[in-house]
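Asks: Please find one structure pasted underneath; my questions will follow.
Read-outs: derived from the displayed coordinates by stated rules, not from any lab. These numbers come from a predicted model, not from an experiment. In this analysis, Cβ positions are derived from the backbone assuming ideal geometry, glycine residues included, and neighbour counts consider all displayed protein chains.
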Amino acid sequence: MERKKLSIVCFSGDFDKALAAFTLATGAAAVNWEVKMFFTFWGLNVLKKKTGRAWIGSGVLAKVFNFLMGGKRNLPLSRLNFGGASPALMTGMMKKNNVATLDELIVAAKELGIDFVACEMAMHILGIKKDDLDDHVQNVVGVATFLDASKDGHIIFI
Amino acid sequence: MERKKLSIVCFSGDFDKALAAFTLATGAAAVNWEVKMFFTFWGLNVLKKKTGRAWIGSGVLAKVFNFLMGGKRNLPLSRLNFGGASPALMTGMMKKNNVATLDELIVAAKELGIDFVACEMAMHILGIKKDDLDDHVQNVVGVATFLDASKDGHIIFI
Amino acid sequence: MERKKLSIVCFSGDFDKALAAFTLATGAAAVNWEVKMFFTFWGLNVLKKKTGRAWIGSGVLAKVFNFLMGGKRNLPLSRLNFGGASPALMTGMMKKNNVATLDELIVAAKELGIDFVACEMAMHILGIKKDDLDDHVQNVVGVATFLDASKDGHIIFI
């Protein structure tokens, strides 16, 4: 039987939604689905090498946006963020309950061979370069390429 | 012909998105699709038996999060919430226009035989027990189990 | 080979998510997929003929909601909106990088023959009439009709 396929458009830069994306991705990979994650817009923040705020990008506006968005350490909770305290509290609750944290899920996703691709258009707009992103990002592609590679599987937008 | 299948990941705890999830679910069931709703994270608030704020959960943090999130009566509108007044106003507009309200949609979903399942991991993190949720919740499952049961249908993330 | 199909539920009225919806839609149409966009709730704001704030709708509440939501010119960025300044800044960044703007994507979607349909229920609730929306909107349909027309393709919720 052919392997099931799952492609996730990781649009959100919220901590809880990134958690959902990686939980679905690694869950699918664990039952042998072929999984692809397409990071675009705010979702790119999850993969920035600089995990804190940094002046990435070309052009003043891009630099400001990237600085304000920050990296993996700055992902807000989509509600009850409490000025950024909640993701740390949430991570504490996850550790206490032996649930994999976001960092652990990202590592697991890589080890399970999940494909990370980045959105060409979003990177252009935000002035982010492939080199600014996690080395596991294999390709920077357009949306048509991504859709074509995903056409025989499930596509989820988060 | 085989019945079409729809699985909805009900991640959001926003009033308007819960409305969208139940509208899609009951609409699909009405045309004889087999529908499954997987409640996770904020989405669990929609199904809590305590429809207002309550100190659910084990551990101080879980209790605080659950209290602040509240239940079905506390779902905020994702925009223009006006301190919680909007969902009631919106419900009034729905009644006036003979559109099913969220409460009515939930009842309809149950009557149409839509499967409610709850996310094991989210319940662990938030310290919510099966007993805290609507009795229509048949199973508490992991994401891999949910995906496997959904593999031959549509999967939507809300 | 049969054409692939993509149906997008355009629920969000956020500038960045509208951008994502139209980018996916036009990207899919560009590689010859059959694409349908179903506009509901906040998503209807993207298609209002009045692109600014206007007292659309029947009933005081509907008028107030429609006024506050506004039209295409009032779509907020889902984060870092800065009181509405960000969508214009973002559009500037897109032009600078030769990326199609939201307006250009909407025109392209129409030229590529993408089907625009509007959600009957949301229009009832918000008191919006077909005449208030872009003339490219071919039909106002219920969710069951939409799902039935989308059953053999991908369905994405944005």
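Asks: Looking at C:GLY153, C:VAL60, C:GLY127, which one has the Cα that reaches farthest to the positive end of the dipole of chain C (charges on Cβ: Lys, Arg +1; Asp, Glu -1)?
Replies: Result: C:VAL60, furthest along the dipole toward the positive end.
Asks: Please report how many Lys pairs in the stretch C:5-157 have alpha carbons closer than 13 angstrom, counting only residues at least 8 apart along the chain or sitting on separate chains.
Replies: Lysine pairs satisfying the spacing and distance rule in the stretch C:5-157 number 15.
Asks: Taking the label point as lying 7 angstrom from Cα along the Cα-to-Cβ axis, what are the distances from A:LYS49 to the corresponding position in the remaining copies, in ascending order and in nanometres?
Replies: 5.4, 5.4
Asks: Let me ask you something else. Once amide H atoms are built 1.01 Å from N in the peptide plane, which residues 5 or more positions from B:GLU34, or in another chain, come under 5 Å H to H?
Replies: Excluding prolines and chain starts, which carry no amide H, the hits are B:LYS4, B:LYS5, B:LEU6.
Asks: About the Cα centre of the stretch C:5-157, what is the dipole size in debye to 20, counting +1 per Lys and Arg Cβ and -1 per Asp and Glu Cβ, all else neutral?
Replies: Computed charge dipole of the stretch C:5-157: roughly 520 debye.
Asks: Further, regarding this structure: What residues qualify as long-range amide H neighbours of C:PHE157, i.e. H under 5 Å apart, gap of 5 or more or another chain, H built at 1.01 Å from N?
Replies: Result for C:PHE157 returns A:PHE157, B:PHE157, C:VAL9.
Asks: Then there is this: Got the C:ASP152 label distances to the other copies yet, label 7 Å along Cα→Cβ, in nm, shortest first?
Replies: 1.9, 1.9
Asks: Starting from the amide H of C:PHE39, placed 1.01 Å from N in the peptide plane, find each other amide H under 5 Å away whose residue is 5 or more places distant or on another chain.
Replies: Amide H neighbours of C:PHE39, under 5 Å, 5+ apart: C:CYS10, C:VAL117, C:ALA118, C:CYS119.
Asks: For the stretch C:1-42, what is the per residue volume of the convex hull drawn over the alpha-carbon atoms, in cubic angstrom?
Replies: So the per-residue hull volume is 42 Å³.
Asks: Taking all pairs of distinct Cα atoms, average 1/r, flip it, and tell me the Kirkwood hydrodynamic radius of the stretch C:73-148 in Å to one decimal place.
Replies: For the stretch C:73-148, the Kirkwood estimate is 14.8 Å.
Asks: Further, regarding this structure: Output the antiparallel fraction of DSSP beta bridges having both residues in the stretch C:1-149, as a percent to the nearest 5.
Replies: So the antiparallel bridges amount to about 5 percent of the total.
Asks: What are the nm distances, shortest first, from B:VAL31 to its equivalents in the other copies, labels at 7 Å along Cα→Cβ?
Replies: Listed shortest first, these distances are 2.6, 2.6 nm.
Asks: Write down the Kirkwood hydrodynamic radius of the protein assembly as shown, to one decimal in angstroms, obtained as one divided by the mean of 1/r over all alpha carbon pairs.
Replies: Kirkwood hydrodynamic radius for the protein assembly as shown: 22.5 Å.
Asks: For the stretch B:5-157, how big is Rg over Rh, using alpha carbon atoms and the Kirkwood form of Rh?
Replies: Ratio of gyration radius to Kirkwood radius for the stretch B:5-157: 0.96.
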